[in-house]
Amino acid sequence: MVHLAYYYKCLALRGLRESLRVLNEDNVDAMLAASYLLSWQASQSQEFMQIMKGVDLALMEMENFGHQSKLRSLTQHSSKRIKLETSDTEHAPYPENNAVELACSTLRELQKQVGDEPELVRGTKELINFMQNLRISPPGPTADEQLQALYPIRHW
């Protein structure tokens with residue numbers, strides 16, 4: 001089963017690379033969705049940051065195309081975009097309170113949309129609890145430790 005997961009992850013990454021070469025209005029939604037899915041499977045902070053750069057690129061291209069999509073509106077409530085810095089991944093800044101609140105409100109919107117799917121409702125509740133606990137005590141000081149703290153939630 002693990003080998004199958006790696007096979008599909010490799011396949012998705014190859015498809016993402018190809019779509020980045022010919023990024024256009026037709027494939028930008030697929031690239032955004034694939035980037036988000038792959039970010040949940042990232043086991044190292046460097047890999048996660050590279051994938052999130054793809055998300056940022058897709059969102060910028062959607063702005064350039066004037067492209068509207070439900071996925072974009074769900075993930076981009078704020079006009080202030082979080083900049084990802086890969087040069088210093090060991091010292092990721094703690095999120096500001098307004099960023100945590102924005103994430104929680106986005107997750108509540110998602111919770112309304114998942115409806116009666118018990119597994120999705122449970123996973124969304126766990127993410128909301130994680131984000132709310134972030135205000136009280138942020139996870140470990142390094143990006144790798146933060147990613148490890150999220151790992152059990154990402155594999156529900």
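Just for region 15-38: of the residues that are touching a residue at least 12 places away in the same chain (Cβ under 8 Å), farther than 19 Å from SER73 by Cβ and in a helix (DSSP H, G or I), which one is nearest to the chain's Cα centre (by Cα)?
Ranking the candidates gives LEU38 first.
Considering (1) surrounded by 15 or more Cβ atoms within 10 Å (Cβ to Cβ); (2) farther than 27 Å from LEU11 by Cα; (3) at pLDDT 75 or above, say which one GLY123 fails and leave the rest.
It fails just one condition, (2).
Any chance you could count how many residues in region 54-74 are over 15 Å from the mean Cα position of the chain (by Cα) and either under 20 Å from GLU18 (Cβ atoms) or not in a loop (DSSP other than H, G, I, E, B) (or both)?
Adding up the residues that qualify gives 8.
Every residue in region 21-38 that is farther than 30 Å from GLU145 by Cβ and either surrounded by fewer than 16 Cβ atoms within 10 Å (Cβ to Cβ) or among the polar types (S, T, N, Q) (or both), please.
Correct list: ARG21, VAL22, LEU23, ASN24, GLU25, ASP26, ASN27, ALA30.
Go through region 39-60 and count every residue that is among the small types (Gly, Ala, Ser), in contact (Cβ under 8 Å) with a residue 40 or more places away in the chain and buried (at least 18 other Cβ atoms within 10 Å of the Cβ).
Matching residues across region 39-60 total 2.
Being among the aliphatic types (A, V, I, L, M), surrounded by 13 or more Cβ atoms within 10 Å (Cβ to Cβ), closer than 17 Å to LEU150 by Cβ and at pLDDT below 75, is that true of even one residue in region 94-117?
Checking region 94-117: not a single residue is among the aliphatic types (A, V, I, L, M), surrounded by 13 or more Cβ atoms within 10 Å (Cβ to Cβ), closer than 17 Å to LEU150 by Cβ and at pLDDT below 75.
Scan region 99-151 residue by residue and report those that are in a loop (DSSP other than H, G, I, E, B) and under 22 Å from GLN44 (Cβ atoms). Don't jump to the end; show me each part of the working.
The first filter runs over region 99-151 and keeps only residues in a loop (DSSP other than H, G, I, E, B), leaving 115-117, 137-142.
If the condition is that a residue be in a loop (DSSP other than H, G, I, E, B) and under 22 Å from GLN44 (Cβ atoms), then PRO138, PRO139, GLY140, PRO141, THR142 are the ones that fit.
The values are calculated or read from the model by the stated rules, or taken from the named source; none is laboratory data. Here the structure is a predicted model, which is why all the values come from computation and not from measurement. For neighbour counting, all protein chains shown are included, and Cβ atoms are generated from backbone atoms with ideal geometry for every residue, glycine included.
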